[in-house]
Structure formats: structure tokens, C-alpha cells
Amino acid sequence: MDRTEAKKRMKELLDKTSYYAKKYYDEDKPEISDFEYDMMMLELRNLENQYPEFIDEKSYTMHVGGTVKAGFGKVEHEVPLLSMQDIFNIEEIEDFVNKMQKQAEENGIQNKNFVVETKIDGLTASLEYKNGIFVRGSTRGNGLVGEDVTENLKTIKNIPKELTEKVNITVRGEVFISHQDFQKMNQEREEKGEEIFANARNAAAGSLRQLDSKVTKTRPLDIYVYNIQKIEGKEISSHYEALKYLEKLGFNVNPEKILCTSKEEVNKAIEEIGSKRDDLTFGIDGAVIKVDDLNLREILGATAKNPRWQIAYKYPPEQKKTKLIDIVCNVGRTGVITPLAILEPVQVAGSMISKTTLHNEDFIKEKEIKIGDTVLIQKAGDVIPEVVKVIKEKRTGEEKEFKMPEVCPVCGAQTIREEGEAAVRCTGTECPAKLYRNLVHFVSREAMNIDGLGENIIDQLMDKKLITNIADIYNLTFEDIASLKKNGKKFAENLVNAIENSKQNDLYRLITALGIMHIGGKASKVLAKRFKNIDNLSNASLEELSGIDDIGPIMAQSIVEFFSQEQTKDLIEKLKIAGVNMEAKDMEETDDRFNGKTFVLTGSLEKFTREEASDIIEKLGGKVSSSVSKKTAYVLAGEEAGSKLEKARTLGVTILTEDEFVELIK
């Protein structure tokens, strides 16, 4: 990899790791496994070592992930709550042990021992005690500043409110939910019709960071304490001694702690912990190797992110064999049809796995998966399991090929796979699986613009069965809407008016609202102007559509297929009966000063929303693109404009401030 490729790859990895870290640390909603994230971080760290001139100070290799959530008080950690350097092979463990023991010899320290512990998969917490009384607790946050979650931590039974000695001490621990409690909690939530948690780590983190401690109290949180951050009036010389003292004070201490005197014993301890991962009552994502002597720790110190005296070994994802019994298809809210493997139940990484996604048609073909195959499953980082490969030598000849359905399994409409896409989609306009997403789009600002009919209200209307298809919007009564809110009469009056007013919208808004694939607001205006009413558009031929400027062959094909469906015809008929306008109004002619010119918007605009600026540009004959190229005429740059602005400068594209844009459109 040359310098240019390295710089580009480092930027890609920085963007990805920043996004996934935000999902993990701040939102408690990881989108990839710990293993995948670790591999990205490892690649980024290696590239940073090789090309230090390209290091970005925002890189998560340089600092601890996490921010303070709005609503919590801030706590400045007197002793930083740092992260750990991850390693992935035995050679690195041995290098670490040799290096630490050499440091001990050079500094005249006799204690060359190590303590190996489980790396608990939860959320870090700091507990502060004054005269043995629990006074404050906080999350790690960014390592220097965390969130004050004292009241939430007080709800955890295994956190002592008073210690056995009147000592001033700050300790560090990990808040988690055990496997058994997690399964029980999810079962109870499922029975109540509530959304279940994806994994125990997310559930623990989200529960501890609740703004209402009453919610936290209902969650089965537990904690293991594993380090003294600060202590007054007592001398402790080793970490193992400190753990024993913490137990004496009444803390619930990490039960897996193995004292080791050599690299052979360290390796054995790691193997021992790894061999009983399935038997532990709590989730782990590795083993931690720590220098035992506290004086040596002081000498070794830390980087901005990691202590030099400890390291975390990450176990490779656990893999198990099982049989793939069947493949069924789920239809998502966007109409994407996802194949799902039904498996013979198998225990993997502490969870019983009986099904997993197969993503799409290409994934099945690439892995050569057949119904009846014996497959290898892995579950890394306590997230969604995956099929790693097929064990072909186990085939009997009775396995069956799988084909994606040609009609939607929910509504029976034709399915389609667009060229260049991996997803197979349902094309039905009234498919129940797509209803929520279709409704949200139909009422949106750029479509029918029904103010007040937001996602939350749509959810409630669907739950009450007041809306079962798009046209039902126009059958809603004042009483239906008022029942959704306490003292909801004014809200109902406004929403009823907004729904009634939307009936008079121009045709182009209705075309946009129908959600025809590849047809956005600009194309809708072109179609409305050309065909004048919905019936003319419905009956338009492929040749007619293809001959229109700004309507390409793929768009034309999509329009023809959309209006040929019985579900589309049914929906339009229902909307006609409801009184929705189907005619184009006289469109005000605008000048075409931006004809043939492409704009790119970047940064935060103050005078316009992006939609407003885009609408102005399009009305004046211009186009709006999401990426900068040599063909870009102007880049409209607001505050905190990023890479698009830099690229525009590099290519010599004209850059406009908002004031300059205002002058241009006068």
C-alpha cells in the first residue's frame, strides 16, 4: 500500500470506527460485533504506526470512547478511567510479559507477578466512598469526565452503601446483567409486547444510563469491582492484595482472578478462562493481564488512552456446528425481503441460537448454502450470530437449493431485484409489512406535508388499528385523533385540518407520496407537468415515459411496473373516493438561470434548511448532488463544512457562502 492509498484507508477507518464507537458507547446500540470493530481498530493502529504523519487526533486509538449524555451531571475523574490495549495472539502476550518483567528488574522490583482476570462485557462505573459511605457513582464517559449516575447505582443490590471500614476510597467496576437474568428479562418483555434487548451488554449500559432511576431499579443489574483507583490512609503494594482487601470491605469482586508468576502460567490462565466461557454466569469479551506490583504500575504510567501495565487478550469468536433446517423470509419496513436460517438450537458464546439472518441472495450463493446443510456458526461480541461456512463433507445429497421468492410472502405482490442491488424487494403499495414506512413517507414534508402526523402518532394509530392502509388517513375522525392524547382536542382539530388541506395538494406531491422507486420530488414535478392527471400517468407507456427529459429508462420502467399493480390501482381508487386531488395545478413558470448547473450543499446552513435551498435551486433549473466532482458548478458551504469543501477547493469548484447564494438567487 502506497502513501496515498494508506491515507485514504486511514480516513475510511477513522470514519467507520467513529460511527461504530458512537453507536456502542453513546447510544448503546452496536451495529457490528466487537470482533469486527477490533479488527478495524487493529488495522488503523498498524497504519498509524507505519504512517504517523497521517494520524488524526480524533482517532479512537488516541482516546477513550464515550460522551456525557444530556440530562446527567458531569463528574471529573480524579484518576482517569482509561481503556486497554487489545491483543489477539499468544506471541503478543509473551512479549508483554517479558517486557514487564524486564522493567521490574531494571527498577529493582522483586514482585514480577501478574493477575489474569475476565474482561467483563458491561459498562464501566466508578464508585466513591467517604468514611466508608457510598457518596457518588459515575460512568467512564470519555475517561476524564463521566456521567453522575449515583441514584441509578444505588438501585444495584451488590453495591454496598456502607463498607466494613470507614475508609475514603474510589473503586472501579463493571456493571452487567447475567445470562440468566437477561434471558428472564427478555422473556418478560416479550410477554408484555415490549421490544426485547439485543444483548446483555446493551441492556446493562442502557439501564444504567436511564434518566429515571425508577426504570433502572426494574432492571437486574449486577456489578463486579476489580480495581482501587484511589485510597487514603492505607498502604497496599500489590493488585492481588488490593482485590482481597476489596472483598473484605464488602465489595462484589471479580471471581475470576488468577495470580501468575511466569508467562507459562499467564498462558495457562488465559486458556483456563477461555475454556469455561460457556459456563460463566456473565458475559466476557476477553481476558485481562495486569502487572501485580503497584509501584511498577506507577513507574510504567500510561498513554493518553491505555495504561502500560495491563493488556487485554481478545478471544477469537467461538464457533459451533449445527444443522440448517429451513430458510424462511421476513419482509422489512422498507420492503426488503431477508432470508432467515432456521437452525437446530446450539449454545454459542453463552446464548442458545436457533435462527440467524442470511442477509441476501448473494450471501447464500457465495457461501453455497442449501437447506439441510451442516453449517459453522459464530457469535462474536454477543451480537447477531452468523453462518461462517458450510461443512460440505457432511452433505448427504438430500439438501435442497433455496430460491428467493418471486412474490412477497406477506402480500403476494411481485418482488424485484434492481440491477446493482443485493436486496430483493416487495413492490406492493399496500403491503402490511411496509405500511409504517409508507405512511411516514406519504405524510412527510416533501410529499403530502401533513403537519402533526408524525412517527409517534402513526405508531399509535396503527396500534389501535385505525390505519390499515394509506387511504385510511382520510377516514380518521376528530374523535379518533383526540383519543391519542390527554386533552387532545386542539391537537385533533389541527391535524384534521391538515389532513383535509392535504387533499388539495398539487399532483406532484401525490406522485412523490406514492413512493415510486427512483422517483423523487423533481421527477414528480416533471411527470405532473407532462401528464396533467394521475390517470394519464397511470396509462403512460414505456416509450412515452422514456422520451421525457430527466426520466431515464430505469425510472420509466419503475413507473410502468408501479402503476400496473392491482395494489396501486386499489390505493389510487381509495384516494379518489377520499377526495384527494388527482390533477396538476397551473405551475408557475420560473427562470432557468441554473440550467445545466449542479450544486452540492455542505455544512450547517443558517438562512435555509437543506430542503429549502435544494427546492430553490431546482426551481431555477439547477440540480443538487450529494458529491463533489469536476462537473460541480457550485458548493454552497455552511458552518462546519468538511471533506466536500476541501474537495471543492482541490478541484477549483466555486464555493458560495449563504450571503453569496442569496445574491445569486435574487
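Every read-out reported here was derived from the displayed coordinates using simple, explicitly stated rules and does not represent laboratory data. Note that the structure is a prediction, hence the values are computed from the model and not measured. Neighbour counts are summed over all protein chains in view; Cβ atoms, including those assigned to glycine, are modelled from backbone coordinates with ideal geometry.
Viscosity 0.692 mPa s, temperature 37 °C: Stokes-Einstein D of the chain from its Kirkwood Cα radius, in µm² per second? In µm²/s, the coefficient is 111. Isolated cysteines in the chain, defined as those with no second cysteine Cβ under 4.7 Å, comprise Cys260, Cys329. Packing, taken as the mean count of other beta carbons within 10 Å per residue, orders the peptides 312-318, 653-659, 174-180, 398-404 from highest to lowest as 174-180, 312-318, 653-659, 398-404. Among Tyr474, Tyr224, a tally of other beta-carbon atoms within 10 Å of each Cβ gives an order, fewest to most, of Tyr474, Tyr224. The string of couplings for the range 94-111 from the Karplus curve (6.51, -1.76, 1.60, θ = phi - 60°) is 5, 4, 5, 4, 4, 5, 5, 5, 5, 4, 4, 4, 5, 9, x, 9, 6, 6 Hz, one whole number per residue in order, with x for Gly and Pro. The reciprocal of the average 1/r between distinct C-alpha atoms defines the Kirkwood hydrodynamic radius, which for the range 428-578 equals 16.1 Å. Once both labels are positioned 7 Å from their Cα atoms along Cα-to-Cβ, the gap between Ser627 and Ala578 label points is 3.8 nm.
Each of Ser238, Ser604, Ser524 was scored by other Cβ atoms within 10 Å of its Cβ. Listed from fewest to most, they are Ser604, Ser238, Ser524.
Have a look at the DSSP beta bridges in the chain and tell me what percent are antiparallel, nearest 5. Counting DSSP beta bridges with both partners in the chain, the antiparallel share is about 85 percent. By the beta-carbon count within 10 Å of each Cβ, the least crowded to most crowded order of Thr124, Thr415, fewest first, is Thr415, Thr124.
Short-range pairs are left out: with C-alpha atoms under 8 Å and at least six residues apart, the relative contact order of the range 441-501 is 31 percent.
Rounded to the nearest 20, the Cβ-based charge dipole of the range 567-656 about its Cα centre (Lys and Arg +1, Asp and Glu -1) stands at 500 debye. Under the simplified labelling scheme, the Arg417-Lys666 pair shows an inter-label distance of 5.6 nm, with each label point 7 Å from Cα along Cα→Cβ. Note that the range 515-666 carries a Kirkwood radius of 17.6 Å, evaluated over its alpha carbons pair by pair. Converting phi to 3J(HN,Hα) with the Karplus coefficients 6.51, -1.76 and 1.60 and the offset θ = phi - 60°, the range 270-286 yields 5, 5, 5, 5, x, 6, 10, 4, 5, 8, 5, 7, 10, x, 10, 10, x Hz in sequence order, with x at every glycine or proline.
Charge tally around Lys74: other residues with Cβ under 9 Å, Lys/Arg +1 each, Asp/Glu -1 each, net -3. The antiparallel fraction among DSSP beta bridges confined to the range 75-313 stands at about 95%.
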